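Values in this text are rule-based calculations from the coordinates and carry no lab data. Note that the coordinates shown come from a computational prediction; the quantities given were computed from them, not determined experimentally. For neighbour counting, all protein chains shown are included, and Cβ atoms are generated from backbone atoms with ideal geometry for every residue, glycine included.
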Amino acid sequence: MHEIQVTVRFGETDALGHVNNASYFIYLEEARIRFFEALGYGMDTKGWNFILASTKCDFLSQGFFNQPLTIKTEVSRIGTKSFELTHDIVCTQTGELIAKANAVIVYFDFVEQKSEVIPEMLRSGLESNLVQV
C-alpha cells in the first residue's frame, strides 16, 4: 500500500466549513502522481503514458480545514491495457474513513493516440501493490 499525507488548506473548504467535494479529486490526483513516482515514473510529460479513464469518489464523512488526511492507494485490478487503483482517504489523527475512491488508468501512447499493453516492468510494480483478496 502506498500512502501520502495532505493537510486541508482553507481554500479547499466551502462555505459550510468542510472540504469541498472537488478538492478530494485533487488529493486523489496527488496520490496517483506520488504512486507513479514510487514505481519509478517521473513527471516528464513527454514520456507520460497514463490516461485517467474513469474516477469515482464516495464521501463518507466530512473533512475540515487544517485537518491532516492520509490517502492510501492500492492496485485492485490489472488488465492487459489498464489497471484500477483504489484509494481510502482517512483522518490521520483518528483513522476515521472520510472517503473511498477508485480510478481506472489506461496505459496510453499519446503519439499514436491509442492504448497499449502494459509493459512488463510496470506490471511487476503494479503486482507488488495489488490488493490480496
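Give the calculated FRET efficiency between Glu3 and Val111 to the nearest 0.05, with a Förster radius of 35 Å applied to their Cβ-Cβ distance.
Working: r = 34 Å, r/R0 = 0.96.
E between Glu3 and Val111, to the nearest 0.05, is 0.55.
Between Leu52 and Leu16, what FRET efficiency follows from the Cβ-Cβ distance if R0 is 41 Å, with the result rounded to 0.05?
0.90
Give or take rounding to whole Å, what are the principal axis extents of the alpha carbon atoms in the chain, in descending order?
Cα spread of the chain along its principal axes, largest to smallest: 45, 33, 22 Å.
Using Cα atoms only, what is the angle between the long axis of helix 21-38 and the major principal axis of the chain, expressed in degrees (0 to 90) to the nearest 10?
Compared with the principal axis, the helix lies near 40 degrees.
Quickly estimate the mean residue ellipticity at 222 nm for the chain, helices only: each DSSP H run with n ≥ 4 gives -39500 (n - 2.57), and the total goes over all residues, rounded to 500.
Values: 2 runs with 26 residues, N = 133.
The per-residue figure over the chain is -6000 deg cm²/dmol.
Only four residue types carry charge here, +1 at the Cβ of Lys and Arg and -1 at the Cβ of Asp and Glu. Report the dipole size of the chain about the Cα centre in Debye, rounded to the nearest 20.
100 debye
Count the net charge of all other residues whose Cβ sits under 15 Å from the Cβ of Glu74, scoring Lys and Arg as +1 and Asp and Glu as -1.
Working: positive: Arg32, Arg34, Lys72, Arg77, Lys100; negative: Glu3, Glu84, Asp88, Glu127.
Result for the neighbourhood of Glu74: +1.
What spacing in nm lies between the two simple spin-label points modelled at Gln93 and Lys72, each 7 Å away from Cα in the Cβ direction?
2.0 nm
For segment 32-118, which chymotrypsin sites (Phe, Trp or Tyr not before Pro) pass both filters: DSSP loop (anything but H, G, I, E, B) and at most 16 other C-beta atoms within 10 Å? Display every interim value, and only then the final one.
Numbers: sites: Phe35, Phe36, Tyr41, Trp48, Phe50, Phe59, Phe64, Phe65, Phe83, Tyr107, Phe108, Phe110; in loops: Tyr41, Trp48, Phe65, Phe110.
Loop-located and lightly packed - Trp48, Phe65, Phe110.
Mind putting a number on the dipole of segment 1-74 about its Cα centre? Charges go on the C-beta only, +1 for Lys and Arg and -1 for Asp and Glu, and I need it in Debye to the nearest 20.
Values: 6 positive and 9 negative charges, 14 e Å.
Result for segment 1-74 is approximately 60 debye, rounded to the nearest 20.
Hey, with R₀ at 35 Å, roughly what FRET efficiency would Phe64 and Leu39 work out to, going by the Cβ-Cβ distance, to 0.05?
0.65
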